[in-house]
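The values are calculated or read from the model by the stated rules, or taken from the named source; none is laboratory data. The structure presented is a predicted model; accordingly, all values stated were derived computationally and were not measured. As a convention, Cβ positions derive from the backbone with ideal geometry for all residues, glycine included, and neighbour counts pool all protein chains shown.
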Amino acid sequence: MNEGPIITVLHDGNRPDAQLMHPVHERATVRYTESPGLADALRGAEALFVYDFLSRAVPGAWSAADRLRWVHVAATGVDTVMFDELVAGPVVVTNTRGVFDTAIAEYVLGQILSFAKDFTESSRLQREQIWRHRESERIAGATVLVVGTGPIGRAIARLLRAAGMRVRGLGRRPRAQDPDFGTVGVDLYAELATTDYVVAIAPLTPSTRHLFDARAFAAMKPHARFINVGRGELVVTDDLVAALRSGTIAGAALDVVDPEPLPSGHPLWDQPDVHLTPHNSGDFAGWRTDIVTAFTANFERWIDGRPLCDVVDKRLGYVPG
């Protein structure tokens, strides 16, 4: 057994690449576990790498964490490990910032283009061998509200502005001359009333849970589209379904849903003008390599006693910008 601290790695059956984890194995004892064995694997461990960042196992296993000092989450969002005992305690939490920014921004642009150019209908007509001329929408000059002004939101804003769209942000503090958003507002309902596309990328916290409800959708323009690349729980799903069915909004692109995965028979599956993807907007070829590399770099800082990167403010639920 290696000398050094015990590092527990929570995975979903697919372990991190052994070669990439070599720097950790050289300087620590590594325990790999899936969710059912997490409590046993946490006993005596000083660090936890939440490689399976969708797992909900950490709160239930927390009582076994008798020596834990650091938790690293292999995602930007850390809501799956934010519970009272962890927030109030001394354990440091870090996340994986920067890996998914560009891929998610590309996904958002792709969904906007899909709505504007109606690629779904074009595919249907092709399958039916129907040649029907149609007009499409321009995205240049259209307005976008990005709800969430962290690194991913900023990457989205930069790409959409490069495509000619007019972008504003919604955050916790107003700003008049933001380099990426131009203007950042704080009044959700006033901002929703002025925009053609709404992109949700806010972190899931007590203040953002169910942010998009019947009142929010009613504030949007009837032709507006809603794109969620944050967390499904940002939305009251029944209110979204009702808004789509009534024509309160014109469409939605959902990479995340509540509940997730979306159960068979759920009305969102068959709702016209809804684009569904299985929580993969950031999953480009090679993303797993990048998240393990980010962890090992932070591990080397931690074991050498240097300050960690991307430390989460546990009471806010994200890394302050």
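Residues in segment 222-236: is at least one touching a residue at least 40 places away in the same chain (Cβ under 8 Å) and of a type in the set (F, W, Y)? No, every residue in segment 222-236 fails to be touching a residue at least 40 places away in the same chain (Cβ under 8 Å) and of a type in the set (F, W, Y).
If you check G44 against the conditions, is it modelled with pLDDT under 95, in contact with a strand residue (DSSP E or B) (Cβ under 7 Å, 6 or more places away or on another chain) and over 27 Å from H279 (Cβ atoms)? Criteria not met by G44. When residues in segment 186-213 are screened for being over 26 Å from G282 (Cα atoms) and surrounded by fewer than 17 Cβ atoms within 10 Å (Cβ to Cβ), 6 of them pass. Here G98 passes the criteria (1) at pLDDT 95 or above; (2) surrounded by fewer than 17 Cβ atoms within 10 Å (Cβ to Cβ); (3) closer than 27 Å to F181 by Cβ except the one numbered (1). Note on segment 1-109: enclosed helices (runs of 4 or more DSSP H) holding 1 or more residues that are basic (K, R) and in contact (Cβ under 8 Å) with a residue 24 or more places away in the chain are 22-27.
Considering V92, V24, the condition of being buried (at least 20 other Cβ atoms within 10 Å of the Cβ), modelled with pLDDT of 95 or more and closer than 16 Å to L308 by Cα is satisfied by V24 alone. Only helices (runs of 4 or more DSSP H) whose full extent lies in segment 142-251 are considered here, and the ones with at least 1 residues that are of a type in the set (D, E, K, R) and closer than 20 Å to V312 by Cβ are 151-162. The test for being acidic (D, E) and either outside the structural domain of D118 (by TED's automatic domain parsing) or surrounded by 15 or more Cβ atoms within 10 Å (Cβ to Cβ) (or both) does not hold for D270. In segment 258-267, the qualifying residues are those that are out of contact with any Leu (no Cβ under 7 Å at 6 or more places or on another chain) and not hydroxyl-bearing (S, T, Y), and the one that is surrounded by the most Cβ atoms within 10 Å (Cβ to Cβ) is D258. Residues in segment 61-83 include at least one that is over 18 Å from the mean Cα position of the chain (by Cα), among the acidic types (D, E) and within 21 Å of F299 (Cα to Cα).
Residue by residue through segment 279-312, note down the ones that are small (G, A, S), in a loop (DSSP other than H, G, I, E, B) and free of Cβ contacts under 8 Å to residues at least 60 places away in the same chain.
A285, G286, G305
Against the conditions (1) touching a helix residue (DSSP H, G or I) at 6+ places or on another chain (Cβ under 8 Å); (2) under 27 Å from L316 (Cβ atoms), R138 satisfies every one except (2). From the list A18, A74, A105, A61, the lone residue that is surrounded by 15 or more Cβ atoms within 10 Å (Cβ to Cβ) and farther than 30 Å from H275 by Cα is A61. Out of T149, T143, one residue alone is polar (S, T, N, Q) and surrounded by 19 or more Cβ atoms within 10 Å (Cβ to Cβ). It is T149.
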